[in-house]
Structures are given as structure tokens and as C-alpha cells.
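In what follows, a single structure is set out as C-alpha cells and then discussed.
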Amino acid sequence: MSISFSKKGLLLYLLILLGSLVLASFYGGPVSFVLLYALLLMIPISLIYMIINIFSVSLYQEIEVHKLAKGDTHNYRVLVENSGILPIHNMTFGLYRDRSEFVSLRDGDEVSLDVRQKKEISSGISCKYAGAYNIGVEDLFFTDPFRIMRLKYPVPYSFRAIVSPRITDIADDFLDIENMVNSSGLKSARLFEETPGSDMRAYRSGDPLSAINWKVSARLSELMVRVPDKLEKRTVTLILLAVNVPEREQDTEFLKKRDYFLEFVVSAAWHFGQQRIPVKLIYPAGTVRESVVDSYDTFLEFYNIVADGIFYSTDSDYDKMKDIADSKGDNWDDMDIRLLIREDKEPGDDYCTVID
Amino acid sequence: MFIFSLTCVCLWGAYLAKGDLREMYGSAFVLAVLISFVFYGCLEHLFRTFTGGIISALVSVFPSVVLFFLVKDIENFPYLQTAVMVAALLRLFTDFVPFREKVVLFGSFILLAVAVSLRLSNGAFWPEDKAETAAFACLAMLVMSGLQYLILEKGKEPFPYAFFVVMAVAVVLLPAREEPINWNPVIDAGKRFVQRAEDAYSDAFYFASGLFKSDDFATGYSNLGLTGASTSENNNTELFLRTKSQTYVLFKDKENGKLMKRRRSVYLVGGRGVDKERIVDLLTLLYRAGATKELTDAFSQKTTLELEYGYLRTGDEIAPMGCVELTSSGKPVLQGSSDSPHKKGYTLDATYIDIDYGSPYFVDVVRNADSYPVEEISYKELCDYGKKIYTINLDYIITEEEYAAMTGTAGNDAETMALYIDTTGCSPQLSDLAHKLTDDLDNEYDKCRIIEEYLRQFPYNLNMGDAGVSDMSKTEGMSELAEVLLFQKGEGYCVHYASAMTMLLRLSGIPARCDAGYSYLYPFEEQEEYRVEASRAHTWPEAYIEGAGWIPFEPTGAYLSAADRTWNREPKQAQSVEDVGLAEGYLEGLMQNMPEIQTEGVGEVTVEPVEKGIFRLITIVVAVILSVLFLFLVLLIGTMLVREALYKRATFEEKLRTDVELIKKDIRKHSDSFFDRGLLSDYEKRAPEVLRQQIGEIFGLYYRAEYAGPGSNAISEVDSRKALEIRKKLHESYKKDTNKKRRGS
């Protein structure tokens, strides 16, 4: 809670107060003393009035869906109630304007509530960035009758939106440049590719015709099929080095970076998914976690958690991620291609780099 | 509120039209109108539930007719009839007036203007009458609400009226006085605050300097240096004086007959204590002069004074001139100075004979001292005389042997007196001046007075930068100082004046000496205590007049002379000035032939060297830094002690909470930074392995204390001690690790 004063209002008030003090220093009686007392009491009584209003007001915010999509407009509703004994006059909202846009609600919109009155305000809302952050009403502002001071009250429970990133192709250019498909011959880490092998067995119902070895079958006068071998596989690993910023310091700049980061990650996962190339993702989610995206289902699984699933619970997790990002081939498979995606890239660095 | 105010204002208008109405229609009438109005309003509200607005409004006032007849004959409340009818009319006005909100809004402004003009022109709205004050408060709030609505809201939606009602109630509860604000208590409080701040600073500096045994707090008169170089005015409070005697005298001005007030003064001497010699000389003089009590009361009185040492460290016993009795904490003080220095808070109770040295009666007695019969006065006779004149017990002050020794060898020891007549170092110029001043005079007192008046013409200046350094304790030094004042600079301060007068007196054949101490002039307002600053330190000459003893003089022009401080008292019996022999115009006659001032260089103002100013600034800055550090240390230690004390007095649960918080603080300090999720487990896993389990147990106790229901076990003394023990072990363990790392590095 903080109080700010209007310079002009305060100056005028002090001048009038000084005048009344001078008047009361020369003339006694109710004329001068009533004026003096009224001016002296104005600020404290206004403050008490506003504080009572704060304790009386209840705010409830709601959006029609649990998970939002970036850029989409959703229905937003805020319900304000005055449960106290004093009316609330010209309370204004302070909105999270840096990260969301409202269709019919503006900063500075005034709301007055009588005793025990409720009001519902509806508007459309669209979120500018992907990630998990507070949106809607951030603060409530109260003023005294003569607008000398303004009390800012942060809403105790803001609406926390989980905004999923768009699925775009922003990562394609980065990933195509590496020309990885041609040079690496990527294979699934889990799904084993069936290649023709040298072992034979008798045909069973259901075996594909392409597996029949006709030469051997003719020799043995029996349909014989080849038993497939499992090929060695190459893997791709994406290391998502997110920044470690405490929640209370997550400002608009952070949201922008996170938005781009998430979109890039999703785009990268989608890029490989489309080409049926499985990819391992190492990212912080409370602890250092690994996920594999090698199908549409696994992509959806990852997509559902990515908006609010990337965070650090301790500094040591961040250090671990950095160690993973900095490791130069120790304990890594030679067949593995590791891509580092830095949320907070240094000037001159690429957003996505291949770790040798 | 509007109706209430309207009623009050109209009533005041009626008072002015017909003055006797106030007796009958006072605040009670207004209250009756208001109650009736509200009553009609409630009825209307009730009737509205089943009928329309106009009918309910009209019907609601019908009871007024009934009430009119019912309250007709109530003798104690003769105004009730009028009240109910007025309330009914007002109710109808409220219901049927068109544009009611606008009427109330603009009507408030008009009513306020009327009320203010009634107040200013006719003194309406007495503050003692709460109802009238309330009416004014209501008007003021109505106007404020109106201004808010018109100017800030621009006619949209006014601020809730509840706010202004609360303001009005609060304003009415505060007293509205008839007299304007009296700022004197505030000013006095401010002065006291500043004084206390200054005292606190001085206390800190005083005690700090005591630790380093510095000489910073020697007496102001010793700090004069008695050297004649520049001196600056130090404002440390060195003495606190308390007296029950009046600090001023009242007398009638002889020219215009007006009653005048004059402040008294006191000379405090350091290092002398009880002045036996002076009191014996005085009593002897008065005895030989045949002075009666009525005469002596005109120029002397016994006075008491309590002295408390302030920012001072000295062994000197500082007492008023003419002290006859000196005690400290009830014990007599026999010596003039003590072996060990006295510090702040040391008190002395003094009884002294305050003499008006400027009184023409006293002057006459002194002038004629050598003409009184030189008879031997026995010890007993003198004691009886002292008791009669001043109600003092001379036998407590001086023994018979001491008296015999004092009077037996015809006065002061010749060797001692030789010191007071020594004129070593005096230049011929000085000798010439002395002769010029005094050769035409026969009377010793007159010689002293003319020298005093001659010196008082010289300007006073504390900045004697390049005047050179002279030692006033030696005759040569005094001669040099006299030369500086009289023939070189033509200005100086008390040291110069006192030295000059002493040397001139000696050159004129009169034994003279200098005394040092303080000269304090009481303020006009009587106070509980009086502060004597170091700047009041002073030195003055005394002349030994045969038959009268040591008589002080004031040649320093910046100080009031004895004549300027005289009490202007007349003896109670008719004993006029002519009878006593001191004629009017005595002083003017003396000064008629006084020579011109001969000085080569007239008062060159010297500028205090810049270096001294910078040094002083550095001293002040260092003193401030030291005192801030000292206060910081006190706060630190004080906080620790308070914390310990609070912990000792806390309940077991509170102690456990404190211990847990301190454990968390320690763990946090010695771990990597992490986000506090409010879970104690995060702290537990970061605790040293050796103590982890025990800390977990303590946290368990904490959770039990915080969250368990009323049926669970309370925290016992054993639990609390365990928590304290674990906390200390953890702290020790971290301390050892830190020391190991330091040694390792």
C-alpha cells in the first residue's frame, strides 16, 4: 500500500491551512477554529476512510477458460463488492497494461459502490505474451474528496493466466541452417527403425509382403520373411537454458524474453515433430527434467506444460542447467546432437547454438 | 445538517432583532426543532410504504398539531410549541421545495456567509455553546461538500456525505475557544527541546572528554588564559544557579515617579570559599560608622544561593562574593579549593552578604572610613553586631583566635600588602597617567572611582589577536596589559581593564588586586534555575581602602558599573543623602577634570585567523562523529540488552518462535541464496548434517506450537531449553567453520 500526493493539491491545502492557522492565531471563536479543525482533520479522516474502504472492498476476477492462447481475445469478468458500512467513491483500477489488452476496460475507469453494493464489469482481454503471469486488475486506487492524496492498494490475489505460445516456424531458420537432417541421419531414441536384416523365418499371417525374401522362399518352397535388425540411432537434445528470475522481479522485459523463448522452443519441437524426428528436451521444471517429443501426443503433452512449466525452485538447479549447457562432451553420447537455446543470450551470441 | 444550521442562523437573526429571545429560545430550542424534524421524517418514511410521496409528506406533519396542544402547558420547556411547529414547516419546506439539492447546495454558501458576518459583526455563535458550534461545523461541512461537488466532481457525483458527517462530528468534539491560539507554550517547548538537544550534546562531549582526562572543561575564568591574547566566547553552561530571593529590585524613579524594575547581579569568585576577611572588614566598618540596621538594609542584605556545577571540572569552590556560609550536601566547605576536581552535578549552598556597592549610602560610609574612630572591637561585640545587622553567627564563620590574628597585627600582613602595591614593569607614561588622574583628589575612594570612570571610556573588544601574550599573575604582565589598553590598542577586554585599574591604583598608592570568577546579571523573568555560561567568566579589580577593606570596582565598559546596578533603596528612617554626606552630582564633579584618552592606535579590529576557524570546524566535526559513534554503540548494546531481556521474559512458545527465527537466519546466512517458500523443510535440508535431525525436531515443535489444536501438549520448559541449545550449537558450528575457512585462506 502506498500513498502519493498531488503536488498542486497539497500545496493549495498547505496554503489554506497556513491561512487558517494565521486566522486562528488572531481570532478565536467557531469561525476560525472550525475551519482550522476541519483542515487539520481532513487528511487523517480521509486516510481512515480510505483504509476502511480497502478493508471493505472485495474483488474477484475470472476468465472463461483456464488456459489462454496468446493473442486470442477471451471474456474477462471482474466482480467488485462493497461489504462495509461506508460508500466507496470513484475507486479506480490499475490494470496490467504492459502484458494484456482490454477491450472495454481502461486504466482510470471509476467505480463507485454504495453500501453492500456489487458491480460486475465485463470486458474482453487478450494476452500479449506466452507464459504464466498475472493479468487483469493489479491495483485499486482511492482518493480523498479533494484529491490531495491517492492511496494505491495492490490487489492481494491477482488472476494468474497461463498463456500458451503460438505454434509458429520461428525456429525453422535456425534449425535448417545446421543442415542436420542431411549430415546426421537422425533416428528415434525409442522407436527403432526397421531395416532389412539377415535372419529369416517362416511367413506368418500379417507380415508385410515387402518383408518376404522371394529368393529364399523359392529355394525352400516356403514363404520366408526377413527378421528386421535394429539400427543404431542418433538423437537430438534441446537444452533450454531459461533465466532464473524470481517471480517478484518478472517485469515486462522478462515476459517478452520468455514469450520468445517459449515460442522458439515450441516451434523447434514442432519442427522436428513434423519431420518425425524425435527430440529430447532438457529444461528446468522445479528440478532439471527431461522429456522426449517424438509424436503428436508427446508434443501436446509438452505443449500443455510449457507455458507455466519452466521455472527454477533453487539456485542450484540453475547451476545444474548451466553445467549441462557448458559440458564439453563429458558423458554425452557421440551420436547425440545437442542444441542450446538461451533465453537470455549475450550480445553476439546466437539464440540457438550447437554444443560440440 | 442544513436544517439544523438554518435554524441556528435564523435564531441568531431573531436574537439580534429581539435580544430577550435568547433566554427562552436557546440551544434546547434548536435541539427540539431537530428532534421534531427527524420524527416527522421517520413518519414520512413509514407512510411511504403504503402511500405516495405527497400524501405521506403531508400526513407526516399532522402530529405536529396534536403535539402543539399536548406541549402547551409545560412550564420548563416553554419553547416546545414553537419548536414543533417550526419543525413541521421545515419538513414541508424540505419535501416541496423545487430543486432541493440545488437549494441545499447554494443555500449552504449563503448561510455560511450570513453566519460569518453575524459572527464578525455581532459576536454570534458563542464557542461555549456546543449546539451553535455544531451548527457552524455543519455549515462548514456543507460548504466543503458543495465545493467538492462543484469544483472537483464538476457536478457529476458528490463524495459520500458520510465523510462530511464524520468530519462534522469530529470538529464539534474539539474545543473551539474564544481566545485565539496561544503559541507561547509551543515556542517554550521548542526552546526547551533545543536546550535539551544542546545539553545532550554537551553531556556526551563532557563525559567523553572525561575519559581522556582533557582540560576542555576548566572554568571559564581560567580559560581566559589571563594572557591578554584573543579569546572567544564559549557558551558551555558552567554553573546552574537557584535562588528563592528576588532577582530584581523595584524602585520609584525620582524624575517621573514611575515604578521601575532593575535586574540584580551576582559576582561569583572561584577558589576563595567563605570570605572571612571581607565579612570582618565589612562589619568592622559598619560598626565604626555606627550604621543601624535600617541604614545597612538600604545597601546590603543576606541572600542565599544554590550553585550546581555544569560542564566544568575544577577543584575551585565557586561562591558569591561576600560568602559567609558555604556547604555541600549539608557539610561545611572550609577551603577555597579541593584537591580533587569537582564534576558536573556538584552542588554548593551559599549564604552571602549582597552589597549594593553603588548605593550612595554605602559609598558615603566607605568614603568616610578613615574618619571613624579606630576603636578596638571585641570579638563578642562584633559577633553581636553581625547577628543584629545580618542575623549571621560570626562565631561559626571565624574563631576568636582567627579574629585576633586578623585584627591583632594592625590589619593585613605587611608582606602580603607589599604584593598589592608592587608596580614593577610600569612605564613612566602609566605613572604619569595615574598621577594626572588622582593627584587632585584626597579621598582614596574618589581616586578609585575616577580611575574606574576613566577606564570605562575605552571600547571593549575580545579579538586582541596580535596584542601579544602577557602573564596576568605577574605584576610585569599586568603592566603590559595596562599598556596595551591605555596606550597601544586603546581597547581590550576584562583582563586589560582589571590590570590597568590595578596598576593605576597601585601607582596612586592604593593597594589593589584582581579577582576572577563570573559576573552574572539575572534576567527579568524569574526562572527555576539560571544558567551561567563560560562567556560570563570575568576578572575585576579590588582596591584596599583603609578602614573599609577590599572594595570591588568595575572598570570594564561592557559590564554595568556598581552605580548602574544600584538598588536605589532608601533607609526606612528619614536619613537623606545630605545627612550622610554624599552630594548629588558627586560623580559629575569627579569627572570634570578627567584627562582625555591618550592612545596611539585606536581599536584596530583584528580578524580571527582563518586557521583557528578551520581548527574549530574540525573539532566540531570530530566531536559530532564521536558522539554519533557513541550513540550508535549505545543503541547497539541497548538493542542487544533489550532483546535479551525480552527473551528472558517471554513465554516458552515465544522463546521457541524466536529460536526458530534465529536458526533460520543463521542457516540462510551460511547457505547459497534460495527462495523462501515458507517451508521449514527448505531450511532443514540446508542445515549441517550433524545437527539436521535435531533441527528437524525443533521445527516439529514449532509446527506443533503454531498449528496444533487446543488439546495438544503445550511447549514445555525442556522443549524451550532444547531449542535454545540447538540454536547455540548451530551458531557455534558455523562460527568454527568460518574460522577454519579464514585460517585456511
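The values are calculated or read from the model by the stated rules, or taken from the named source; none is laboratory data. Because the structure is predicted, anything quoted here is derived from the model rather than measured. No Cβ is skipped: glycine too gets one built from the backbone with ideal geometry, and neighbour counts run over all protein chains shown.
Structure summary
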item	result
Those residues of region A:74-90 which are of a type in the set (A, V, I, L, M), out of contact with any helix residue (DSSP H, G or I) (no Cβ under 7 Å at 6 or more places or on another chain) and surrounded by 20 or more Cβ atoms within 10 Å (Cβ to Cβ), in sequence order	A:Val78, A:Val80
Members of region B:471-518 found to be acidic (Asp, Glu), surrounded by fewer than 22 Cβ atoms within 10 Å (Cβ to Cβ) and in contact with a Phe, Trp or Tyr (Cβ under 7 Å, 6 or more places away or on another chain), listed by number	B:Asp515
Spans of strands (runs of 3 or more DSSP E) in region A:77-116 with at least 1 residues out of contact with any Cys (no Cβ under 8 Å at 6 or more places or on another chain) and within 11 Å of another protein chain (Cβ to nearest Cβ)	A:88-95, A:110-113
Some residue of region A:36-43 being of a type in the set (Phe, Trp, Tyr), in contact with a Pro (Cβ under 7 Å, 6 or more places away or on another chain) and within 12 Å of another protein chain (Cβ to nearest Cβ)	no
Test: residue in region A:143-154 that is touching a strand residue (DSSP E or B) at 6+ places or on another chain (Cβ under 6 Å) and not in a strand (DSSP E or B)	no
Residues being surrounded by 14 or more Cβ atoms within 10 Å (Cβ to Cβ) and in a loop (DSSP other than H, G, I, E, B) - total across region B:385-402	2
Scan of region B:663-682 for residues that are more than 13 Å from chain A (Cβ to nearest Cβ) and in contact with a helix residue (DSSP H, G or I) (Cβ under 8 Å, 6 or more places away or on another chain), ordered by number	B:Ile663, B:Lys664, B:Asp666, B:Ile667, B:Lys669, B:His670, B:Leu680
Elements of type helices (runs of 4 or more DSSP H) contained in region A:241-356, each with 1 or more residues being under 13 Å from the mean Cα position of the chain (by Cα), of a type in the set (S, T, N, Q) and closer than 21 Å to A:Arg160 by Cα	A:252-274, A:296-306
Condition check for B:Ala140: touching a Leu at 6+ places or on another chain (Cβ under 6 Å), within 25 Å of B:Ser27 (Cα to Cα) and surrounded by 12 or more Cβ atoms within 10 Å (Cβ to Cβ)	no
Candidate set: region B:697-736, residues that are part of a helix (DSSP H, G or I) and among the aliphatic types (A, V, I, L, M); chosen: the one farthest from B:Glu653 (Cα to Cα)	B:Leu730
Matching option when the condition is touching a residue at least 24 places away in the same chain (Cβ under 8 Å), farther than 21 Å from A:Lys152 by Cα and in contact with a Gly (Cβ under 8 Å, 6 or more places away or on another chain), among A:Thr73, A:Thr92	A:Thr73
Qualifying positions in region B:313-327 - of a type outside the set (A, V, I, L, M) and without any contact (Cβ under 8 Å) to a residue 60 or more places away in the chain	B:Gly315, B:Glu317, B:Pro320, B:Gly322, B:Cys323, B:Thr327
Residue within region A:30-50 that is modelled with pLDDT of 90 or more, in contact with a Gly (Cβ under 8 Å, 6 or more places away or on another chain) and surrounded by fewer than 16 Cβ atoms within 10 Å (Cβ to Cβ) present	no
Among (1) surrounded by fewer than 18 Cβ atoms within 10 Å (Cβ to Cβ); (2) closer than 20 Å to B:Ile545 by Cα; (3) touching a Cys at 6+ places or on another chain (Cβ under 9 Å) - the single one B:Ala434 does not satisfy	(1)
Only listed residue being surrounded by 12 or more Cβ atoms within 10 Å (Cβ to Cβ), in a helix (DSSP H, G or I) and in the same structural domain as B:Gly13 (by TED's automatic domain parsing), chosen from B:Ile35, B:Ile54	B:Ile35
Tally, over region B:351-377, of residues that are in a loop (DSSP other than H, G, I, E, B) and within 36 Å of the chain's Cα centre (by Cα)	4
Tabulated pairs, region A:10-25, first within 11 Å of another protein chain (Cβ to nearest Cβ), second of a type in the set (Lys, Arg) and surrounded by 14 or more Cβ atoms within 10 Å (Cβ to Cβ), C-beta under 6 angstrom, 6+ apart or interchain	none
Residue in region B:659-672 that is in contact with an Asp or Glu (Cβ under 6 Å, 6 or more places away or on another chain), of a type outside the set (Val, Ile, Thr) and at pLDDT below 85 present	yes
Exclusive hit being more than 42 Å from the chain's Cα centre (by Cα) and part of a helix (DSSP H, G or I), set A:Phe33, A:Phe55	A:Phe33
Criterion (surrounded by 14 or more Cβ atoms within 10 Å (Cβ to Cβ) and within 30 Å of B:Ala208 (Cβ to Cβ)) met by exactly one of B:Phe630, B:Phe699, B:Phe652, B:Phe674	B:Phe630
Elements of type strands (runs of 3 or more DSSP E) in region B:458-546, at least 2 residues being out of contact with any Gly (no Cβ under 9 Å at 6 or more places or on another chain) and within 26 Å of B:Val366 (Cβ to Cβ)	B:512-521, B:537-545
Pairs, first in contact (Cβ under 8 Å) with a residue 12 or more places away in the chain and outside the structural domain of B:Val103 (by TED's automatic domain parsing) in region B:141-161, second in a helix (DSSP H, G or I) and surrounded by 16 or more Cβ atoms within 10 Å (Cβ to Cβ), C-beta under 6 Å, six or more apart	none
Residue match in region B:702-713 (condition: at pLDDT below 90 and aliphatic (A, V, I, L, M))	yes
